[in-house]
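Just so it is clear, none of the values below were taken in a lab; they were calculated from the coordinates. A quick note: this is a predicted structure, and the numbers were derived from the prediction, not measured. A quick note on method: Cβ atoms are made from the backbone with ideal geometry, for glycine too, and the neighbour counts reach across all protein chains shown.
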Amino acid sequence: MRILHIISSGGMYGAEAVILNMSRMLNASGHASMLGVFANSANPNLQLHEAAKREGIESHLIPCSGQVDRGVGGRIWDLVVETGADVVHAHGYKADIYGYLALRGRGVGLVSTCHNWLNDGLLVAFYGVADRLVLRGFDGVVAVSEEVRQTLVRSGVKAEKVRLIRNGIDLRPFDQAEPVLRREEGLAKRLLVGIVGRLSVEKGMDIFLRAAAEVVKEVPEAAFVIAGDGPEREPLEAMVDSLQLRDCVTLLGRREDMPGIYASMDVLVSASRKEGLPMTILEGMASCRPWVATAVGAVPTVVRDGETGVLVASGDVSGLAAAVVSLLRDKERRLALGGAGRRLVEQEFSAQRMTEDYLSLYEAVLGKAKPGLGGGR
């Protein structure tokens, strides 16, 4: 089977990790997984394209100029012809909308994964509404959490078209990873608390910093690490100074050595205001690290309170700080929670299980699709 993933990528985040994990598994099992990455004129983020090429995964660029580019549909269709794709798998509203307009009625299986909708601002909220409208015309739609599944059905996507497929990860990169931050001056002997993700409002990095200001009063040897980049970097840098945390907070920016970053941490934090099922949480669990997380979206399905981590209410700065302090003071509990998290990921959230679920969906979609281009049909 030949699968073409299309995405307008803003960096190496959850959806991108899903695509790479799935592509590795599909290609290793005799299928062909290929990428079509939008090369946006306003923000040409090509990290996913470059990462795929480094791994030997076939990847193509889809030029896109401005907010509306009437030529994108034709470029997607040309790419489908060139690659002989049986299924086009779209990720995100831009890929969904352009993919639907390009391929409806063409006899190619059309699938989308809905990782989440942020709805921050009127324009993004409008895109979310438009996305849910076009998804009604897809052959199959994947929700990564029950919350997303319910949103899709309420918006008019037929329930029988929607499958709940939880994200999965390749565990191998996290086995025996070196704790790279322990080599850096000032961090070697500190208790490290980390947060990983895009520097954007919904990820709650500001909540993390306010909690850090409380934690350091109780545990002066604690240090805090933020891994990721995004539009909120400057405000967060200013917040570090205003909270007088410059001596204990490090903003790492984007890193390519994430297994080593996770391995360096004593406690990991997810302070999100809104989430689906974050890949970062699964990756941290694969690294045997305990989590303190806000109970939003599908997070409680993996951060199970008292079993694999500690849950707190969204926006509860003091509750978040207290949970972090408690774990920093109890190494035995950290090890127990981290070990339980690793076992959970092995049992329920492997990339192999995720890929098998997607293959089942692709096969069902191809059974419904009209005869078309596909070379493996």
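Observations, loosely collected:
- Extending 7 Å from the Cα toward the beta-carbon at both Gln347 and Arg70 defines two label points whose distance is 5.7 nm.
- Degrees, to the nearest 10: 317-328 long Cα axis against longest axis of the chain: 70
- Each stretch of four or more DSSP H residues adds -39500 (n - 2.57); spread over every residue of the chain, this sum gives -13000 deg cm²/dmol at 222 nm.
- For the stretch 172-348, averaging the sequence separation of C-alpha pairs within contact (under 8 Å, six or more residues apart) and dividing by the residue count gives a relative contact order of 24 percent.
- Helix 72-83 and the long axis of the chain differ in direction by around 80°, with both axes built from C-alpha atoms.
- Acute angle (nearest 10 degrees) that the helix 351-368 long axis makes with the longest principal axis of the chain, alpha-carbon atoms: 20
- Based on Cα contacts under 8 Å between residues 6+ apart, the chain shows a relative contact order of 18 percent.
- Full-extension gain in nm, Leu101 to Val153, via 0.36 nm per residue minus C-alpha separation: 16.6 nm
- Applying the Karplus relation 6.51 cos²θ - 1.76 cosθ + 1.60 with θ = phi - 60° to the stretch 221-233 yields 3J(HN,Hα) values of 7, 6, 10, 10, 10, 10, 10, x, 9, x, x, 8, 4 Hz, where x marks Gly and Pro.
- Amide H partners (placed H, <5 Å) of Phe38, local residues excluded: Ile7, Ser8, Ser9, Ile62
- In plain terms, the chain from Asp175 to Leu243 could stretch by 20.9 nm, reckoned as 0.36 nm per residue minus the Cα-Cα distance.
- When each of the peptides 26-32, 357-363 is scored by how many other beta carbons lie within 10 Å of its residues on average, the order from highest to lowest is 357-363, 26-32.
- Top of Ser264, Ser242, Ser272 by mean-square fluctuation, Gaussian network on the chain, Cα under 10 Å: Ser242
- 16 Å Cα cut-off, lysine pairs counted over the chain (separation 8 or more, or different chains): 4
- Residue of Asn43, Asn21, Asn167 that the Gaussian network model of the chain assigns the largest fluctuation, springs spanning Cα pairs under 10 Å: Asn43
- The phi-based Karplus calculation (6.51 cos²θ - 1.76 cosθ + 1.60; θ = phi - 60°) puts the 3J(HN,Hα) values of the stretch 263-270 at 5, 7, 8, 8, 9, 10, 10, 10 Hz, whole numbers, x for Gly and Pro.
- Order of Tyr98, Tyr127 under a 10 Å beta carbon neighbour criterion, fewest first: Tyr127, Tyr98
- Here's the picture: a label point sits 7 Å out from the Cα of Asp257 along the beta-carbon direction, and within the stretch 183-217 the residues with their amide nitrogen under 11 Å of it are 183-184.
- Span from the the stretch 1-36 Cα centroid across to the the stretch 251-267 one, whole angstrom: 23
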